[in-house]
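For reference, the structure discussed in these notes is given below.
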Amino acid sequence: MKLVKLLAISATAMAIAGAAHAADTVKVGMIAELSGPGAPSGTNWRDGTRLATEEINADGGILGKQVEVSEFDTQTDPQTSRALVQKAIDDGAYAIWGTVYSGSTMVNMLVAQQNSVPQFVGSEAPAIVQKGNPFVFRTSSGAQKGIPDLTSYFKRTLDAKTVGIAWVNNEFGKGGHDVFAAQMEKLGIKVVADVASEQGQTDYAADVSKLKEAAPAAIFVYMNQEESARFLIEAKKQGLTMPLIGEVTLTEAKVVELAGDAAEGAIAHVGLTASATSVPGIAEFVTKFEAKFNRHPTHDAIKGYIGAWATKYVTEMVGKFDGEAFSNVMHGLCLDAKSYPHMLLDTCWDEHGEMSRPSFMVQVTGGKAEVIGIVNSN
Amino acid sequence: MSQFLQVMLSGLATGSIYALVAIGFTLIWQSAKTVNFAQGEFVMLPAFFVLVCTKVLALPLWLALIVALAVTVVVLGVLFKKLVVEPILPSGGIPLTIATMALAIFLKESVKEFYGAEAQPFPPLFPSQTLNVFGAVISLQDICNLVVALAIVVVLTLFLNRTRTGRCMQAAAQNPAVAEILGINVRRMVLYAFLINGALAALASFLITPVYLAKFSNGEVLGLIAFIAAIVGGFNQIRGALAGGLLIGVLDNLTATYVTAEYRAALPLVLLIVVILVRPQGLLGTSEGRAV
Amino acid sequence: MTRLNKRPALLLFLLVLAILAPLGHGNYIIYVLTSWLIFSIAAMGLNLTLGYAGQISLAQASFMAIGAYTTAIMTLAGWHWLIAAPVGMVLCFLVGLVLGYPALRVKGHFLAFVTLAFNTLVFLVLRNEDWLTGGSYGLSSMPRPDFYLFKTLKQLPFYYFTLAVTVVAALVLWGIVRSPWGRAFKALRENPVRAESLGVDTRRITLLAFAIGSAYAGLAGALVSPLVQYIDPGSFGLSQSLRILLMVVVGGSGFFFGPFVGAAVVILLPEMLRFTAGYYLIIYSALVIVMLAYVPNGLIGIGTRLRERFWPQHRARGDLAKGAQLK
C-alpha cells in the first residue's frame, strides 16, 4: 500500500505546486500538429502563438499575469490530440490554442467543452461550429462561410456557366468541395469535372488532362500547399487556359514560391493574407514574424497569432479567468482593428463560434499575391 | 485521343522514375538479401543534400549536384551498409527489414527537424519547355527523365553481364559461398551493389524533385510504389523493375483518368496482390529462389 | 523449482500494480494507461505473427480499423458492445485467413508486402465509402459499454473494463501458446525442416497464427472505438501499423510479456523525451536500430540476458518465458 500513499503524496505535491504557480502566471495549452502530415500547418500555428505570447507577456501578460504556454505535439493524430487536450486541462490550462486539422479538432473539442475551457482552433471544416459547442472559436472563417463569398465571384465577375473542381480528398478538401458543389447547384452553374486527388499526390497529369478535356469556364482548386503547387505546375505544362480560383491556399506565398511561374494569374479568396500589406497591422505582423523566424508566415501563423491575442483581449474584457464568462462574451462579439490592433482586421464571432471579418480577392502577378478586391464580411 | 496519349506519355515519364528507384531496391535485395523499406527516403534525401549545398554553402548547382551525389553514395551506400546492414544481418532478415523501417523514420524526421517541414522548390536540371505531340503536351524534363532511366538500365545491364566486375557481382549475389571459393571478394561485390543503389537514388532524386518538390515525406508513396514495381516486374531482374515501374506509372494514370480517382491509389496494391497470387516470381522474373 | 512458485506471485503483483496504477491520477494519465493496455492487446496479436510464426505483418492497424469500425457501426445502431466486439474479431479473423492464404503460399517476405498493400486498401475503403464509414469525417459519439451495475462512461471504470479484457485476452493467448498446437510453433521456429519432417503443417499453423493475431487487433480496435469515441481513417494508417510492429520488436518479440513492455515504451516515450522537443522520433528510431544490432531480442531479451549472466541456474526453465528469437 506504500504505492498508493506515494501516489497520493505526489498528487498533493503537484496540486500545491500548481496553486503556488497560479499566483503569478496563467497557463495555456498549445496543441498542434508539430509532426506528421500536418506539420507545416501546425508549426506555423505554433510560431504565431509564440510571437503573440512574447508580445502579450512584454505587454504585462493577461490581467497582470504572465502567460505560460505548454506546447504539445499531436503527431497529426486525432486520438493523441484528444489525450493532450485532456492533459493540458488536467495541468490547469485556462485556454487551449489548437488544433489546426479538422479531424483532430472534431475530437479534442469535446474535451475542452466538457471542462468549460475556451478553445481557439485553426480548423475550417463546417462541422466544427455546427455541434453546439459553446467553447470552440475559429480564428478564420469556416469553409461554409468563406466559400459562399467566393462563389459570387464565379457568378458575377466571371459569369461562368460551367466549372471544374480539383480537390484533395481529405477532411479539409472534402469540406470545401461539398460546400462549393452545393453553392454551384444553387447558382445554376454546372460542375462538368469533379476531380479528387490524394494528399501527398505528386503526379497531376491525369487530373489536369481530365479538366482540360471537360473545358469548364473556370476551375476551383481546393488543396493543401504543396498539392496546389504541383497542380499549378502541371496545369501550366498542359496549358490550361481558364482561370484557376482557390480559397485561401492557392495564392499563398509558399505555393507561389514552390510553383514559380506556374502560379502566375492564380486567383483566390483569402480571409487573412500576409500579402495584404496595405493593412498596417498585417504588414507589421509580417515584419515581426520574418525577423523572429526567418521565413514568411502562412495564414496558419496569423491564425495562431490572432487566437492568442483574442484570449488576452476577451479575458481582460471579462475581468477574470472564467471559461463560462469568456464564452458568453465571445458570442456575438466584434473586435475592431482600431481598438484591438493585434486582431489585424475587424473581427466578429457569432453565437456558434464562427468568425467573420473582411476578406480579399487576390491574384498572383509578378510572383506576388496582389489584392484585387475586398469582400465585406457577412 | 489526345487525352489518352497525354496520359500514356505522362505515365511513362513518372513510371521511369519508379523504375529507377525499383532497380536499386532489386540490387540490394539480390546482393544482400535486404528488403529496404527506407528506399523511398533514400530518394527523398539527396535533394536535401543539394539544397544544403546551394542554400547554405552557396555552391553553384552543378557542383552541388556532384557533391550531393558523392555524399549520397557515402551515406546511403557505405554508411548504410557498415552501420545498419552489417551489424544486423547476422541476426536475420526480419530484424534487418524492421531496422530499415526504423531508418525510414529516422531519415524522414531528421530532414524535417534539421531542414524544415514545408516543401521546398528545387532547381530543374533540364529546361521546362514543352513539346506538342498530336495534342498531348510533354515537357523536355519528362523526355529527359525517360531517356536517363532507359540509359541507366542499358548501362547497368551491360555492366552486370559484360564486365568482369559485373559478372562477379552476379555470382556473389547468386551463390556467395561458391563465389568465395572461386576467389571472388564477395564483401566488395556487395559493397558495389550498395554504392550503385546510392547513386541511383541520388539520380532519381535529382530528376524528380523539380516536379515533386523537396519534402521530408516524399519517400512514403515513392518507396511503396517502387517496391511494388520491383515485385510486379520480377524481383530478380533489372528489366523486370523497369517493366514494373513503367507499367505502374501508366496504369496509375489510366485508372485516375478513366476509371476512378478515389481509388487510384488502390490499383498498384491490387496489382501487387494479384501478381503474388498468380505469378509470385513477377511478370519477367524467373522462379529461382522465389517459390517454395 | 522455486521459480514455479514465484511466477504466480509475480503475476499477481503486476496485476495489483495495474489495478492501483490509475488511482489518484488525472484523466490524462488514466487515458494513457488505457491506451497502453489497448496497444498491448494489438501488439500481443502481432507478437503471435512475428515472434512465434516469424512473419512480418504491416496491417495490424487496419485490423484494428476493422474491429473499431464494426464496433462503432454496431453500437451506434444500438447493439451491445459484447455482441459488436466479437463480430469485429471474427471479421478480422476471416479477413486474416483470406489475406494470409495467398501470401503464405510463397516463402519470403510476401506477407509483409501483402499486408502493406492491404493497410492502404483499407484506408481507401474507409475514406471513400461515406455511406458506411462516414468517410474522411469518421464516426463519433460511440456509446461506452454499459453493464447495468457497472457503467464505463467515466475514465476510471473504462480503464478497469479494458484491464479486465486485457487479462482475459492474455490468458487466452497464454493457453494458445502452451497448447500442443502452440508448441508446434516452437518446433517450427527452432528447426523448420525438422518440424516439417515430423508432420507439422507449417503453412497452416503460420496462417492460423496470423489470423488469430489479426483478431487480437480487432479486439484492440473494438476498445479504441468507445475509448476515443471518434474514429477516422487517418488514425489507422501505415504509420500506426509500423508503430505497433516496433512495439513488439522493442519489447522483445517472441516473449510473452514483450508487447506490454514495448507498448509502454512507445506510449510513454514521447512523454519522457518531451524535453528533446521534436527530436524524440529521431532518438527513438536510432535507438531501435542500435537495439536490433546488439540485442535483437528487445528489452525483455536484455533482461533475460542479464539474468542468465548473474543467475545461470534459471536457464533450465528459460523456455517458459522465452519464445522466439527474432530470426
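What follows is calculated from the coordinates using simple rules that are stated; it is not laboratory data. Because the structure is a prediction, the values reported are computed rather than measured. Note that we place each Cβ from the backbone using ideal geometry, even for glycine, and neighbour counts take in every protein chain shown.
Using +1 at the Cβ of each Lys and Arg and -1 at the Cβ of each Asp and Glu in the range A:144-270, identify which of A:266, A:187, A:168 lies farthest towards the dipole's positive end.
After comparing all options, I get A:187.
Quick one: if the Förster radius is 41 Å, what FRET efficiency do residue C:269 and residue A:63 give, using the C-beta to C-beta distance and rounding to 0.05?
E(calc), rounded to 0.05, equals 0.65.
Going by how many other Cβ atoms sit within 10 Å of their own, how do B:31, A:116, C:62 line up, fewest first?
Sorted ascending by nearby Cβ count, the order is A:116, B:31, C:62.
I'd like the FRET efficiency for residue A:339 and residue A:295, computed as 1/(1 + (r/R0)^6) with the beta carbon distance as r and R0 of 45 Å, rounded to 0.05.
Taking R0 as 45 Å, the efficiency between residue A:339 and residue A:295 is 0.90.
Counting Lys and Arg as +1 and Asp and Glu as -1, what is the net charge of the other residues whose Cβ lies under 14 Å from the Cβ of residue A:198?
In short, -4.
How many partner chain Cβ atoms sit within 10 Å of a residue's Cβ in peptide C:215-228, on average, as a whole number?
1
For the pair residue B:278/residue B:86, report the inter-label distance in nm, with labels modelled 7 Å from Cα in the Cβ direction.
Distance between label points: 4.4 nm.
Find out how many positive minus negative residues lie around residue B:15, taking Lys and Arg as positive, Asp and Glu as negative, among other residues whose Cβ is under 14 Å from that of residue B:15.
Here the count lands on -2.
Any idea what the dipole of the range C:26-321 comes to, in debye rounded to 20, about its Cα centre with Lys/Arg Cβ at +1 and Asp/Glu Cβ at -1?
800 debye
In a shell of Cβ-Cβ distance under 14 Å around residue C:130, excluding residue C:130 itself, what net charge do Lys and Arg (+1) and Asp and Glu (-1) give?
-3
How would A:296, A:177 line up from fewest to most surrounding beta-carbon atoms within 10 angstrom?
Listed from fewest to most nearby Cβ atoms, that is A:296, A:177.
Return the calculated 222 nm mean residue ellipticity for chain C, to the nearest 500 deg cm²/dmol, obtained by summing -39500 (n - 2.57) across DSSP H runs with n ≥ 4 and dividing by the residue count.
-23500 deg cm²/dmol
Suppose every Lys and Arg Cβ carries +1 and every Asp and Glu Cβ carries -1, with no other charges. What dipole size does the protein assembly as shown come out with about its Cα centre, to the nearest 20 debye?
It comes to approximately 4060 debye.
Charges only on Cβ, +1 for Lys and Arg, -1 for Asp and Glu: so what's the dipole of the range B:2-278 about the Cα centre, in debye to the nearest 20?
For the range B:2-278, the charge dipole is close to 720 debye.
Taking 7 Å along the Cα-to-C-beta vector as the label spot, tell me the residue C:20-residue A:321 distance in nanometres, rounded to one decimal.
Going by the 7 Å Cα→Cβ label model, 3.4 nm.
Taking Cα atoms, how many degrees apart are the long axis of helix A:2-22 and the longest axis of chain A, rounded to 10 and kept between 0 and 90?
Between helix and principal axis, roughly 70 degrees.
Work out the charge dipole of the protein assembly as shown with +1 on the Cβ of Lys and Arg and -1 on the Cβ of Asp and Glu about the Cα centre, then indicate which of A:52, A:241, C:248 is farthest towards its positive end.
So the residue furthest toward the plus end is C:248.
Mind sorting A:198, C:190 by how few other Cβ atoms lie within 10 Å of their own Cβ, fewest first?
The order, fewest Cβ neighbours first, is C:190, A:198.
To the nearest 10 degrees, how steeply does helix A:78-90 sit against the main Cα axis of chain A, on a 0 to 90 scale?
That works out to roughly 30 degrees.
Just going by the charge dipole of the protein assembly as shown, with Lys and Arg at +1 and Asp and Glu at -1 on Cβ, which of B:231, C:181, A:218 is farthest out on the positive end?
Looking along the dipole axis, the top candidate is C:181.
Tell me, for the protein assembly as shown, which Cys residues have no other cysteine's C-beta sitting closer than 4.7 Å.
Within the protein assembly as shown, the cysteines lacking a partner Cβ under 4.7 Å are B:53, B:144, B:168, C:92.
Could you check the spin-label model distance between residue A:131 and residue C:130? Points 7 Å from the Cα along Cα→Cβ, value in nm.
1.9 nm
Hey, got a sec? Which trypsin sites (Lys or Arg not before Pro) in the range C:152-248 land in a DSSP loop and have at most 13 other Cβ atoms within 10 Å?
When the trypsin sites (Lys or Arg not before Pro) of the range C:152-248 are filtered for loop state and at most 13 Cβ neighbours within 10 Å, C:154 remain.
Name all residues of the range C:236-261 having a backbone nitrogen under 16 Å from the label point set 7 Å from the Cα of residue C:186 along its Cα→Cβ direction, giving them as ranges.
Counting only backbone N, you get C:254-257.
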